[in-house]
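To keep things clear, I will list the structure first and then write my remarks on it.
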Amino acid sequence: MDPSRNWAQDVLRCHLCETPVPPMYCDICHIHLCKACVGEHLSDELKEHKVVSFKKRGSTTRCPNHSSKQCELYCQNCDIPICATCASSEEHQGHKFIEILKSLESKKEEMQGDLQELEKSIHPKYQEIASNISVQKDEIKENSQELASAIDKHGEDMHREIDIIIAKLKSDLGEIESKHLTVLNEHEQEITHTISEITQSILDLNKLLNSNDVSIISAYESRNAEFRTLPPKITLSLPMFTPFGIDKEQLRLQFGSLSASSIKTEEDEYTMDSPVAEPPSPEKPLTDVPKIIQNINTENKHSLLNINQGNKPSPSGRPLIGAPKVITAINTGYSDSTLRSVVCHTDDDLWTCGEDKIMRLYSLKGELLKSVKTRSGNNPYDIAVHRSGDLVYTDYKESTVNVMKNTQIQTVIRLKGWSPCNVCSTSSGNLLVVMISDDVKQTKVVRYSGSIRKQVIQYNSKGKPLYSSDLYTKYIAENGNLDICVSDHGAQAVVVVNQDGNFRFTYTGPLSTTDEPFNPVGIATDRQSRILTADPNNQRIHILDKDGQIIRYIDNCHLRGPWGLCMDTRGNLFVAELPTCKVKKILYLEG
């Protein structure tokens with residue numbers, strides 16, 4: 001054999017005689033052989049040989065346990081190639097074997113089926129899906145452009161309406177100006193004419209005084225009496241322009257909004273048009289001695305779901321911890337059973353109010369930081385903290401809503417025929433005020449922007465009252481989805497409407513006949529739009545999802561008469577206890 005031959009540029013040849021395109025191959029020595037040279041190659045007994053057809057080259061495998069042996073069999077139980085020595089061992093006793101070449105052929109048939117399915121079905125389907133995604137992307141861009149154009153057009157329409165209003169005001173102003181100037185011009189002309197006559201009279205008198213003509217002097221008639229009657233003074237009431245404050249939230253609602261978008265992943269939505277049937281996998285026999293592969297620990301010390309309590313899994317978002325716990329308990333300066341409301345000022349301090357005229361600011365260590373007396377000397381009905389950080393309180397007897405800015409108390413809302421009860425501040429800076437009529441026959445929720453009434457919520461779509469008419473407390477809170485939640489103690493229900501005032505649902509507590517009556521008081525919401533309400537009769541806090549479904553209770557924190565509730569920005573819950581006058585900080589969220 002010529003070693004200088006460039007094998008890369010030549011056809012395959014027999015390793016011994018260089019016959020072109022040899023049909024045989026030694027899987028041990030890795031050389032090509034013609035049929036005539038097979039015998040000569042096998043005659044070398046110093047080495048082990050296995051000559052197979054060229055198409056079956058590479059089918060010989062050395063046994064990993066017996067390196068001098070070839071794997072001639074395939075163990076179906078262990079799913080591995082083995083040699084004859086392995087087949088007779090105890091490890092493979094009773095196992096089912098097949099020739100390794102048959103196993104190879106079976107695997108290749110399976111691979112051929114996979115290849116055919118990939119080429120004819122799966123790959124084209126993925127290409128179709130990718131093409132659909134491109135179409136969806138184009139549709140999204142086109143839809144966004146259309147919406148942007150619609151928003152621009154609507155904006156132009158609103159600008160045009162504002163321009164019309166401005167033009168009308170300017171036109172009215174012009175008419176007023178013209179009318180006033182006309183009156184003043186006419187009056188000015190009359191005054192100018194009279195001045196001219198007076199000037200002439202002065203000249204005539206000077207002339208007469210310098211004359212001795214008896215006839216002319218005798219004919220003189222005084223006009224001073226006429227001139228002494230002064231003309232009337234014209235007082236004009238000048239117009240004034242009174243701009244209303246721009247309510248950005250109301251303007252946004254009036255302008256319009258985008259409907260909610262969604263991204264939904266639908267399993268099994270795509271199907272294969274012409275699926276290629278998968279070849280059946282060879283039957284895998286049961287092993288004689290099953291063995292443990294891995295231990296999985298599923299221990300959970302605190303189960304979140306309590307079937308007996310009717311609890312349901314937490315919605316997506318920051319999850320609930322298995323066992324809520326009290327972080328700290330603040331002793332306030334209130335006497336027994338007089339603490340009612342609590343609201344976070346910052347994450348480090350909170351305001352409280354109760355059955356006296358003093359509102360108190362406490363640190364989380366229980367230090368009294370500030371005391372504020374109501375301006376009227378009446379007990380505050382409820383308190384809230386405005387988005388600006390100012391303290392807000394309602395004065396039921398005086399029918400006012402008041403704000404403390406720095407150290408000054410200002411009345412921002414004064415009612416007639418109604419008295420304010422509970423109050424909360426919204427994310428937009430509005431105030432939601434629960435109020436009851438003086439005859440205690442009507443209850444409504446009113447939204448205020450400053451002193452301006454923006455919305456009234458009182459009846460459902462059938463004209464029925466949403467809230468009970470009584471003097472029982474009705475705490476109120478805005479949810480993260482802008483729903484308005486009221487704990488109607490007298491109705492034994494939590495009533496929820498959307499931001500437009502349309503009824504959404506009523507939660508009336510569990511169906512258990514063993515519980516005490518559900519009379520909710522304090523209410524709060526968290527960043528996952530969960531609703532929390534205090535149930536003093538049953539010494540627990542109910543946690544609902546945004547649609548009014550019970551998730552779980554907080555009933556393991558030794559609560560005694562939980563009343564007022566509030567949340568800080570970190571997701572901690574604060575509970576004012578009526579009997580103990582303590583405020584408990586409770587951790588109920590993970591993270």
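The values are calculated or read from the model by the stated rules, or taken from the named source; none is laboratory data. Bear in mind that the values here come from a model prediction, so they are computed numbers and not experimental data. All Cβ positions, glycine included, derive from the backbone under ideal geometry; neighbour counts span all protein chains shown. Accessible surface is based on the protein model in full, side chains and every heavy atom, while ligands, DNA and RNA are left aside. Shrake-Rupley method; radii C 1.70, N 1.55, O 1.52, S 1.80 Å.
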query: Can you give the direction-averaged projected area of the convex hull of the alpha-carbon atoms in the stretch 385-493, in nm²?
result: 7.1 nm²
- request: Heads up, I need the accessible area for residue 156: 1.4 angstrom probe, whole protein in place, Å², nearest 10.
  value: 110 Å²
- request: Could you work out the per residue convex hull volume over the alpha carbons of the stretch 151-226, in cubic angstrom?
  value: 81 Å³
task: Just need the relative contact order of the chain here, percent rounded to a whole number, with Cα pairs under 8 Å and 6+ apart.
output: 9 percent
- request: Kindly give Rg over Rh for the stretch 116-193, based on alpha-carbon atoms, with the Kirkwood expression for the hydrodynamic radius.
  value: 1.76
- request: Could you size up the charge dipole of the chain around its Cα centre, putting +1 on the beta carbon of Lys and Arg and -1 on that of Asp and Glu, and report it in debye to the nearest 20?
  value: 1900 debye
- prompt: Hey, if you put +1 on the Cβ of every Lys and Arg and -1 on every Asp and Glu Cβ in the stretch 336-415, which of 386, 343, 407 ends up farthest toward the positive end of that dipole?
  reply: 407
statement: Ordered by number, the trypsin sites (Lys or Arg not before Pro) in the stretch 180-245 that occupy a DSSP loop and have at most 14 other Cβ atoms within 10 Å are 223, 233
task: Of the options 222, 353, 169, report the single residue whose Cα projects farthest towards the positive end of the charge dipole of the chain (beta-carbon charges: Lys, Arg +1; Asp, Glu -1).
output: 353
The stretch 16-85, relative contact order in percent, only Cα pairs under 8 angstrom and at least six apart counted: 23 percent
message: So with the 1.4 Å probe, I'd like the accessible area per residue for the chain, rounded to whole Å².
response: 63 Å²
- request: Note down the nm distance, to one decimal, between modelled labels 7 Å out along Cα→Cβ at residue 327 and at residue 195.
  value: 8.0 nm
- prompt: By how many nm would the segment from residue 150 to residue 502 grow when fully extended, if each residue of separation counts as 0.36 nm and the alpha-carbon distance is taken off?
  reply: 124.0 nm
task: Report in % the part of the accessible area of the stretch 75-227 that belongs to carbon and sulfur, leaving out ligands and nucleic acids; probe 1.4 Å.
output: 56 percent
Positive minus negative residues near residue 241 (Lys, Arg vs Asp, Glu; Cβ under 11 Å): 0
query: Carbon and sulfur: what percent of the stretch 489-535's accessible surface (1.4 Å probe)?
result: 42 percent
- prompt: Lys/Arg Cβ at +1, Asp/Glu Cβ at -1, dipole of the stretch 49-150 taken about the Cα centre: which of 86, 106, 134 is farthest positive-ward?
  reply: 86
task: Under a cut-off of 29 Å between alpha-carbon atoms, report the lysines in cross-link reach of residue 153, not counting same-chain residues fewer than 8 places apart.
output: 137, 141, 168, 170, 248, 454
message: Please give me, ordered by residue number, the GluC sites (Glu not before Pro) of the stretch 172-235 that lie in loop per DSSP and have at most 12 other Cβ atoms within 10 Å.
response: 221
query: Ignoring ligands and nucleic acids, what accessible area does residue 367 show with a 1.4 Å probe (Å², nearest 10)?
result: 100 Å²
Simple label model, 7 Å out from Cα along Cβ direction - residue 162 to residue 464, nm: 4.4 nm
query: If you average 1/r over every pair of different alpha-carbon atoms in the chain and take one over that average, what Kirkwood value in Å do you get?
result: 34.8 Å
Computed [θ] at 222 nm, helices only, for the chain once each DSSP H run of length n ≥ 4 contributes -39500 (n - 2.57): -8000 deg cm²/dmol
- prompt: Hey, got a sec? Which chymotrypsin sites (Phe, Trp or Tyr not before Pro) in the stretch 191-252 land in a DSSP loop and have at most 10 other Cβ atoms within 10 Å?
  reply: 220, 241, 244
